[in-house]
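The values are calculated or read from the model by the stated rules, or taken from the named source; none is laboratory data. Since the structure is predicted, the reported quantities are computational estimates derived from the model, not experimental observations. Counting neighbours? That spans all protein chains shown, and the Cβs are built from the backbone with ideal geometry, glycine included.
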Amino acid sequence: MKDSYKIFLSEQEMPQQWYNIQPDLPRPMPPYIHPVTHKLLGPEDMAPIFPMELIKQEVSQERWIEIPDDVRRILRLWRPSPLHRARRLEAELKTPARIYYKNESVSPPGSHKPNTAVAQAYYNKQAGVRRLTTETGAGQWGSALSFACSCFDLECRVYMVKVSYFQKPYRRSLIHIWGAEVFPSPTDMTNSGRAILAQDPDSSGSLGIAISEAVEDAVQHEDTKYSLGSVLNHVLLHQTVVGLETEKQLALAGEKKPDILVGCVGGGSNFAGFAFPFVPRKLKGEDIRIIAVEPTSCPTLTKGQYTYDFGDTAGLTPLIMMYTLGHSFVPPGIHAGGLRYHGDAPLLSLLVHDKIMEARAYPQTPVFESAITFARTEGIIPAPETAHCVHAAIDEALQCKATGEEKCIVIAFSGHGHFDLTAYDAFLGGKLEDYVYPDEKIHEAIAGIPKVTV
Ligand SMILES: *Cc1c(COP(=O)(O)O)cnc(C)c1O
C-alpha cells in the first residue's frame, strides 16, 4: 500500500452497523423541547412527521445499530467509497504532511447525502408511508432524497430555496429525473409560505422557510412524512459509514492515527459522520484534532450562540439546544448553498461547545482558490461546500511545511461541484466577493429567540 493513490475496501467490508455516539458523549445531549408547551418532547410528538424506527434512533443509547440488508444493498451501488491519498496536491504544496480525502462524491447524486436518504426512505416505506416531503438548499439533499425515494417507490415533494431554484437548474433536473416534484420556496401552497410572501413578495427564501413548508405539508397529509437531510441525531448516525470506512482505510494505508480531521459544516451531518467514530479515541487521550469549517457568511459555530432555538423560521419544529444565528437568519445569496443553515446539529454543537472539536470560518475567495489548486492537482472539482475544508487542509499542510511536521491530515470530501460551475465561473471572472455576516444582525436575530429553561 506504500505508493497507493486510492485505498479501497471490498463490498463485504462495508460497515454492518452504524455507530451511535450518544452513549459515548462526555455528558448527555440536552433534550428537545416542544415548540408550544415548552415541555420535554416525547416520541409521540415526533410521530406525525417521522416513522417510529427513526424516532427510536433519534434517542437511542445503543452504541451500534444494525444497518438493514435492504439499505446495505442500495448503498453498495457506490460504497465503500475510496479514500484517496492526495499525492499530487502534497507535491504542489511541497508539504511533508500526508493528505488523504474520503471521497463521497462517487454517489449517484454526487455527495454524502444519499447515505441517510436511502435509510430514511427505507424506514418510511417499512412504516407504510406513501409520500415524503423535504426542503433543499442548493438541491443536493432534494436530489439525494428523490434518488432514495425512487429506490423504494415513494412519492417525493421538494421545497427548494427560491434563489437556488433559479441558480441551480440542473439540480432541479436531477430531482425530475428521479421522479420527484420540486417547487421554489416560499410557495403559495402552504400557510408558512403564504405568510412569508405576504410580508415580502420577493423573498429569496431560506432553508428555515423551506423546512416550515415541508413540515406543514407532512403534518396535513395522513400518508405523508417529512425527511430532514442534516442536523438530527438519526441523520448523523446514518452518515457514520463514512468515518467507519475511513478508519479501516487509514489502517490499511499504514496510518496509526489521523492527526487532523477536517470537514465542512452546514447542518453538520457529513462532518459528524466522518469524525464521530474517532471521538472515543480522542476522549481516551489520542492526539487527534477535529476541525469543523464554515463560511464567514454563515458563521454558526464560530459566532452563533449555544442556546435553544427552533430548527425552522415559522417555529414549527422542536426547540433544539445548538449553536444558532437565530431562526430568523436569512443568509446572503452566496454560492456555498449547502452551508447556509442558521443552526447546527445538537450533537456536533455539544462537542464543539465542550471543546472536543474546534470550529473555524473562512471567506469564500481563498476557499475557491484552494478548490482550484485541488482541481488542478487531484482532478476532482470540489463542491463549494467541500472547498471550505479543502482550504483548511491546505492551510494546515502549509503550516506543516513551515514547521517540518509530517502530520496525517484527512479531509471529509463531501461532494463534487459539477452543478456549481456558475460559482466557479464567477470566481474565475473575479466576480465573487467576500462577505462577513455582521455582528449586529446576529445579535438582533438572537434577541428574537424564545427563552426556555429545562
Ligand atoms: C449538503 C452538503 C453539505 C452540508 O451539509 P452537512 O449536513 O453539514 O454535511 C456539505 N457538502 C456537500 C457536498 C453537501 O451536499
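Scanning segment 179-229 for residues that are assigned to a helix (DSSP H, G or I) and among the hydroxyl-bearing types (Ser, Thr, Tyr) yields 192, 212.
Among the residues in segment 370-385, are any among the aromatic types (Phe, Trp, Tyr), in contact with a helix residue (DSSP H, G or I) (Cβ under 6 Å, 6 or more places away or on another chain) and at pLDDT below 95? The answer is no; no qualifying residue exists.
Residue-wise test of (1) surrounded by fewer than 14 Cβ atoms within 10 Å (Cβ to Cβ); (2) out of contact with any Ser or Thr (no Cβ under 8 Å at 6 or more places or on another chain).
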| residue | (1), (2) |
| --- | --- |
| 375 | no, yes |
| 384 | no, yes |
| 397 | no, no |
| 403 | yes, yes |
| 413 | no, no |
| 423 | no, yes |
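Consider segment 124-149. How many of its residues are crowded, with 24+ Cβ neighbours inside 10 Å and either part of a helix (DSSP H, G or I) or among the aliphatic types (A, V, I, L, M) (or both)?
Within segment 124-149, the first condition is being crowded, with 24+ Cβ neighbours inside 10 Å, and the residues that meet it are 124, 132-149.
Now narrow it down to the ones that are either part of a helix (DSSP H, G or I) or among the aliphatic types (A, V, I, L, M) (or both): 124, 132, 138, 140-149.
Going through segment 124-149 one residue at a time, the tally reaches 13.
Among residues of segment 108-120 that are more than 22 Å from residue 130 (Cα to Cα), those with a Cβ under 8 angstrom from a residue that is of a type in the set (Val, Ile, Thr), sequence gap 6+ or separate chain, pair up as 112/242. Look at residue 118 and say whether it is under 28 Å from residue 272 (Cβ atoms), out of contact with any Gly (no Cβ under 9 Å at 6 or more places or on another chain) and part of a loop (DSSP other than H, G, I, E, B). For residue 118, the condition - under 28 Å from residue 272 (Cβ atoms), out of contact with any Gly (no Cβ under 9 Å at 6 or more places or on another chain) and part of a loop (DSSP other than H, G, I, E, B) - is not met. A single entry from 243, 267 fulfils the requirement of being part of a loop (DSSP other than H, G, I, E, B), within 16 Å of the ligand (Cβ to nearest atom) and under 26 Å from residue 54 (Cα atoms): 267.
Where residues in segment 402-438 are under 20 Å from residue 262 (Cβ atoms) and of a type in the set (Asp, Glu), which of them is nearest to the ligand (Cβ to nearest atom)? Among those that are under 20 Å from residue 262 (Cβ atoms) and of a type in the set (Asp, Glu), it is 420. Against the conditions (1) over 13 Å from residue 241 (Cα atoms); (2) of a type in the set (Gly, Ala, Ser); (3) within 14 Å of the ligand (Cβ to nearest atom), residue 121 satisfies every one except (3).
Condition check for residue 349 on (1) within 15 Å of the ligand (Cβ to nearest atom); (2) of a type in the set (Gly, Ala, Ser); (3) in contact with a helix residue (DSSP H, G or I) (Cβ under 7 Å, 6 or more places away or on another chain): one failure, at (3).
Every residue in segment 250-286 that is free of Cβ contacts under 8 Å to residues at least 60 places away in the same chain and loosely packed, with under 14 Cβ neighbours inside 10 Å, please. Step through it out loud before you land on a result.
Going through segment 250-286, the residues free of Cβ contacts under 8 Å to residues at least 60 places away in the same chain turn out to be 251, 256, 278, 281, 284-286.
Passing the criteria: 251, 256, 284, 285, 286.
The condition (being over 21 Å from residue 420 (Cα atoms), polar (S, T, N, Q), within 19 Å of the chain's Cα centre (by Cα) and away from the ligand (no atom under 16 Å from the Cβ)) is satisfied by just one residue among 150, 192, 212: 212.
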